[in-house]
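Taking it in order: structure first as structure tokens, then the write-up.
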Amino acid sequence: MTASTTYPPALARYRHTAAPYALITGSTAGMGEAWAYALASHGFNLLLHGRSEEKLSALRHSILSQNVQITPNLDIRYVICDASLVPTDIKPIREAIGKIANLAIVVNNVGGSGGGYDSIEEADPEKLEDEIATNVTFPSLVANATLPKLRQQQPSLMVNVSSISGLFPTPFVTGYSASKAFNRHFSMGIYHEEKALGTQVDVVCLGPGVVVNNRGVQGGGTSMAPLASTWVDNAIKTIAPKFWRSRPPAWSLPHTPHNMAAQFCKWLPESVALGLFRREMIGLRNNEGNNRAGGGSSANGTGFTHLSARAEARSKAKLSANASKSNSPANAASRNGPVSEVTQAGPASAPEPERAPASAPAPALTQVAAAPASPSTAGVSATKASPHLSKKSVDESANPKPPAAGPPSTEILAA
């Protein structure tokens with residue numbers, strides 16, 4: 001960093017030393033990646049967290065290349081840590097921050113959804129454990145580890161990422177919705193602890209809705225599905241001091257269309273609002289089932305993520321069974337069994353007439369934008385996948401390939 005460099009003023013409150021650092025969890029895709037680029041442009045050295053050294057190294061190189069003229073002495077480090085481990089272990093993060101003298105900002109961004117629209121009864125127990133570890137335990141321990149460092153660097157900032165779905169009970173993504181509600185209450189609890197203790201550690205919880213996880217999208221996304229970079233820019237504006245306050249609010253929906261949609265739902269009688277959410281989620285769940293049966297794309301209507309590995313396995317088993325034209329009754333009854341079991345079990349019966357394949361569903365971006373008030377506009381931030389929490393259900397995973405024609409895929413990030 002150089003003293004003569006002029007940076008945007010929005011985060012100047014936390015840039016009061018020569019070389020402040022910012023930790024971003026889940027930094028290799030989506031909102032986490034957008035935070036990394038933004039904070040570097042605001043004059044902060046970076047400690048990037050993720051699970052893939054290859055992606056972390058590539059991101060580091062890209063940010064350094066973009067900032068070589070603005071900040072020639074920019075220091076970017078990274079730490080590899082699995083957010084979904086059970087039990088959770090953040091020892092690598094504790095060691096990494098121990099080597100940083102001036103940690104000024106922590107963006108507690110990591111999060112993930114198991115994918116699909118299973119009821120709690122249908123959910124894979126191990127996947128539920130992974131989801132809770134990623135969305136609840138990991139960010140809680142990160143806050144526990146970093147608060148002492150932030151108090152050494154006052155004024156400093158902790159950003160926790162919740163979701164619009166954390167405001168309303170959302171069926172068929174019940175575990176995810178509940179974990180995002182936890183994020184909000186957890187963050188606001190820390191906010192009031194720091195206020196009671198009289199510190200200058202600012203704690204803010206942000207609630208994203210649908211965010212486009214594609215840096216190459218032309219036109220800047222849509223009003224209800226902004227680019228991750230647009231959403232992060234709005235978040236920084238929310239955090240920035242205003243003439244009536246010097247510190248950020250405890251809770252904010254920084255993207256105006258998302259905020260308006262959430263406020264509209266709050267104005268409705270609770271029974272009406274929750275009824276609308278319930279019907280919307282039933283429709284999305286049914287659409288997921290139709291996609292499986294018709295061999296359609298596993299694009300997810302809310303943009304949460306594409307289907308989990310288990311759901312994809314079911315779809316492949318169904319397609320394989322249809323291709324072999326099995327006439328076994330078990331072929332229609334089985335959901336999860338291997339194809340070899342499905343096609344060989346039971347006596348033969350008259351084959352069913354073939355159905356015309358269902359047409360592919362509309363791209364996720366279009367479907368999401370059509371339902372702005374849905375609780376399914378939940379943010380899913382970023383980083384990590386395990387054998388149970390599918391690599392497709394976290395923002396650090398590779399984006400799904402778009403259909404041959406149509407707009408790019410979307411994911412909800414960070415919430």
Number of positions in region 32-77 that are among the aromatic types (Phe, Trp, Tyr) and either buried (at least 22 other Cβ atoms within 10 Å of the Cβ) or farther than 21 Å from residue 232 by Cα (or both): 2
Residues being farther than 21 Å from residue 111 by Cβ, small (Gly, Ala, Ser), outside any helix (DSSP H, G or I) and at pLDDT 85 or above: count how many of those fall in region 190-231. 1
Note on residue 187: of the conditions (1) modelled with pLDDT under 95; (2) polar (S, T, N, Q); (3) crowded, with 22+ Cβ neighbours inside 10 Å, unmet is (1)
Looking only at region 13-50, how many residues end up being among the hydrophobic types (A, V, I, L, M, F, W, C), part of a helix (DSSP H, G or I) and more than 27 Å from the chain's Cα centre (by Cα)? 0
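Restricting to region 154-181, give me the number of residues that are under 15 Å from the mean Cα position of the chain (by Cα) and not in a strand (DSSP E or B).
Start the filter on region 154-181 by keeping residues that are under 15 Å from the mean Cα position of the chain (by Cα), which leaves 159-166, 173, 175-181.
Add one more test, that the residue is not in a strand (DSSP E or B), and what stays is 162-166, 173, 175-181.
Adding up the residues that qualify gives 13.
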Please enumerate the residues belonging to region 167-184 that are β-branched (Val, Ile, Thr) and crowded, with 20+ Cβ neighbours inside 10 Å. 170, 173
May I ask you to say which residue of 41, 52, 65 is polar (S, T, N, Q) and touching a strand residue (DSSP E or B) at 6+ places or on another chain (Cβ under 8 Å)? 52
In region 38-48, is there at least one residue being in contact (Cβ under 8 Å) with a residue 40 or more places away in the chain and on the phi > 0 side of the Ramachandran plot? yes
Any residue at all in region 135-149 that is aromatic (Phe, Trp, Tyr), under 16 Å from residue 160 (Cα atoms), crowded, with 19+ Cβ neighbours inside 10 Å and outside the structural domain of residue 285 (by TED's automatic domain parsing)? yes
Which listed residue, of 300, 234, 259, is polar (S, T, N, Q), assigned to a helix (DSSP H, G or I) and either at pLDDT 90 or above or not assigned by TED's automatic domain parsing to the domain that holds residue 183 (or both): 234
So, in region 110-123, how many residues would count as being under 23 Å from residue 278 (Cβ atoms) and in contact with a helix residue (DSSP H, G or I) (Cβ under 8 Å, 6 or more places away or on another chain)? 8
Restricting the search to region 20-30, which residues are in contact with a strand residue (DSSP E or B) (Cβ under 6 Å, 6 or more places away or on another chain) and either under 14 Å from residue 80 (Cα atoms) or not aromatic (Phe, Trp, Tyr) (or both)? 20, 22, 23, 24, 25, 27, 28
Pairs under 6 Å by beta carbon, first residue under 25 Å from residue 26 (Cα atoms) and in a loop (DSSP other than H, G, I, E, B) in region 110-123, partner at pLDDT 85 or above and polar (S, T, N, Q), six or more apart or different chains? 110/25; 111/135
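The values are calculated or read from the model by the stated rules, or taken from the named source; none is laboratory data. Computed from a predicted model, the values in this text were never measured in an experiment. All Cβ positions, even for glycine, are placed from backbone atoms using ideal geometry, and neighbour counts span all protein chains on display.
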